[in-house]
Amino acid sequence: MRNLIEFLDLGLQPLANNYLSNNQKLKKEKKYRLKVLFNKKTKMVSIKNTFSSKIMFNNKYPYRSSMSLTMINSFKKLSLEIKKKYKPKRILEIGSNDGSFIKNFDKKRVVGIEPCSNIEKITKKKGFDTYAEYWTPHLAKKLHKKYSKIDLIYSANTITHIKNLDDVFKSILLILSKEGTLIIEDPSLLECLKNNTYDQFYNEHIYVFSLIALEKILIKYNLIIFKVENLEIHGGSTRYFIKRKDSKLRIDNSVKIQKRKEINFGLNKVSAYKLFAKRVLKNKKMLIKIFTKLKYRKKKIIGYGATAKSTTILNYCNIDNNYISYFLDTTEDKQKKLTPGTKIPIVKYHKKLLKNIDYIFLGAWNFKKEIFNKEKRFISRGGKFILHTPMPKII
Ligand code: TYD
């Protein structure tokens, strides 16, 4: 326990994806203290208080990866690369969501694991072999019986959501072929600290990975990172290509380069995290100042993209319905609901609704490029966006 340093306290928070229906408006919400830890020994960054998977990932999960063109294109590009370079006979995706990745492959060759049954059934209906189950050794054994070994396993934005990493990698070892490749992709801790995107921390993101921390875990299972790619996805993600220790795949220079970047920034030392916490506090003060000024000037502000990430920002900075009239979002399951904790109504996206708006708080800042492209008219008539990263500003 002496190795655990608590460096950031983001206050009392609701479950980030727990959008409330109108009749839950007056009910007391489940809240937890969002504190973030750095382990001096393992170099892992994780949140202190966690919830069971059953509470977070169930048959009411609202997130859909297909809601963003950026995600769809990224999955398409990766699947082409996988087909060309790795030529896998069978592909397994852990956390297949609504099938945005697996749909790029022949149905006979892919298997999807998605514990949120409301989403899993979307792909099942289309004829894919999917399982509404958590990723466990039990499931890995079941799949092994059916398919024998799998030569490519992919998991995006999922492994960091599972507390028991030991179970995750043990299960992977049960099914990954000798020369097989495991590709995992998650928000990058380096980018999070560089850009002050403290909203990467919320109940579902139990860990935010760095290469140095992930490497230390993987070695216990004789797994080695042989290549890394940095992506713009989700505000800066890292894609790790992993192999078994005795596989013949060559180790790419990108691993050394990434490690150097992380060490140079200080991800191995407590001081970098303490400095980050100071910047986060400053970020909060500046964001509150922007909202207070605009409210005083009676400007109409709405939110764009009711993300899980923005739950952390809004609750940490106490920005509620007094500041933001409503959020626009394309996800059906979020519409006509209220944002967790701050109870801001979420409205179905329609371009028309931007007509008399002065300012938009960009909850989905991670899709800034895509959204700025979509809202050229709003921008050209003088509409402004409020962003919190790297420091709060109006653009
Ligand atoms: P996202 O940032 O992917 O995830 P998280 O909830 O994990 O922080 O969520 C993006 C949200 O923004 C999602 O609810 C869909 C919405 N969205 C729009 O409403 N319009 C858009 O053009 C885009 C790209 C996203």
Quiz item: Which values of log₁₀ I(q)/I(0), to two decimal places, follow from the Debye formula for region 42-140 at q = 0.10, 0.16, 0.18, 0.25 Å⁻¹ with a uniform point scatterer at every Cα?
Solution: -0.31, -0.76, -0.92, -1.29
Quiz item: Taking +1 at the Cβ of each Lys and Arg and -1 at the Cβ of each Asp and Glu, which of Leu80, Ser46, Gly99 sits farthest along the dipole of region 1-137 towards its positive end, judged by Cα position relative to the Cα centre?
Solution: Leu80
Quiz item: What ranking do 98-105, 245-252, 55-62 get when scored by the average of other Cβ atoms within 10 Å per residue, highest first?
Solution: 98-105, 55-62, 245-252
Practice problem: Taking every pair of alpha-carbon atoms in region 253-395, give the share separated by more than 20 Å as a whole percent. | Solution: 52 percent
Quiz item: For Lys368, which lysines qualify as cross-link partners when the Cα separation must be under 17 Å and same-chain residues fewer than eight apart are set aside?
Solution: Lys309, Lys351, Lys376, Lys384, Lys393
Quiz item: Using alpha carbon coordinates only, what is the Rg to Rh ratio of region 149-228, with Rh defined as the Kirkwood radius?
Solution: 0.98
Practice problem: Count the DSSP beta bridges whose two residues both fall in the chain, then state the antiparallel fraction as a percent rounded to the nearest 5. | Solution: 55 percent
Quiz item: What is the gain in length, in nm to one decimal, between Lys336 and Asp166 on full extension, counting 0.36 nm per residue of separation less the C-alpha to C-alpha distance?
Solution: 57.3 nm
Exercise. Would you work out which of Asn264, Ile319, Tyr207 lies farthest towards the positive end of the dipole of the chain? Charges go on Cβ: Lys and Arg +1, Asp and Glu -1.
Key: Ile319
Exercise. Go through Ala140, Phe169, Thr130 and say which Cα lies farthest out towards the positive end of the charge dipole of region 129-170; charges sit on Cβ, +1 for Lys and Arg, -1 for Asp and Glu.
Key: Ala140
Quiz item: What length, rounded to one decimal in nm, is gained on full extension from Arg297 through to Val270, with 0.36 nm per residue of separation minus their alpha-carbon distance?
Solution: 5.6 nm
Quiz item: Based on the Cβ-Cβ distance from Lys77 to Lys393, what FRET efficiency comes out when R0 is 30 Å, to the nearest 0.05?
Solution: 0.45
Quiz item: Direction-averaged shadow area of the convex hull around the Cα atoms of the chain, nm²?
Solution: 19.3 nm²
Quiz item: Taking the Cα-to-Cβ direction at Arg109 and at Met286 and moving 7 Å from each Cα, how far apart do the two end points lie in nm?
Solution: 4.7 nm
Practice problem: Given the peptides 140-151, 328-339, arrange them by the average over their residues of other C-beta atoms within 10 Å, most packed first. | Solution: 328-339, 140-151
Exercise. Identify all aspartates and glutamates with a Cα-Cα distance to Lys298 below 15 Å; exclude those on the same chain that are fewer than 8 residues away in sequence.
Key: Asp358
Quiz item: Which order, highest average first, do 318-325, 23-30 follow once you tally other Cβ atoms within 10 Å for each residue and take the mean per peptide?
Solution: 318-325, 23-30
Quiz item: Over region 197-270, what is the relative contact order in whole percent, taking alpha-carbon pairs under 8 Å and six or more residues apart?
Solution: 28 percent
Practice problem: Just need the relative contact order of region 22-95 here, percent rounded to a whole number, with Cα pairs under 8 Å and 6+ apart. | Solution: 14 percent
Quiz item: Expressed as a rounded percentage, what relative contact order does the chain have, with Cα pairs under 8 Å and six or more residues apart?
Solution: 17 percent
Quiz item: Taking the C-alpha atoms of region 207-259, how large are the radius of gyration and the largest Cα-Cα span, Dmax, in Å?
Solution: 11.2, 34
Practice problem: Measure out, as a whole number of angstrom, how far apart the alpha-carbon centroids of region 122-163 and region 334-395 sit. | Solution: 35 Å
Quiz item: In terms of the Cα gyration tensor, with a ≥ b ≥ c the square roots of its eigenvalues, is region 61-116 rounded because a/c is under 1.5, prolate because a/b exceeds b/c, or oblate?
Solution: oblate
Quiz item: Given charges of +1 on the Cβ of Lys and Arg and -1 on the Cβ of Asp and Glu, with all other atoms neutral, how large is the dipole of region 275-371 about its Cα centre, in debye to the nearest 20?
Solution: 500 debye
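Read-outs: derived from the displayed coordinates by stated rules, not from any lab. Owing to the predicted nature of the structure, the values given are computational and were not obtained by experimental measurement. Every residue, glycine among them, receives a Cβ derived from its backbone with ideal geometry; neighbour counts consider all protein chains shown.
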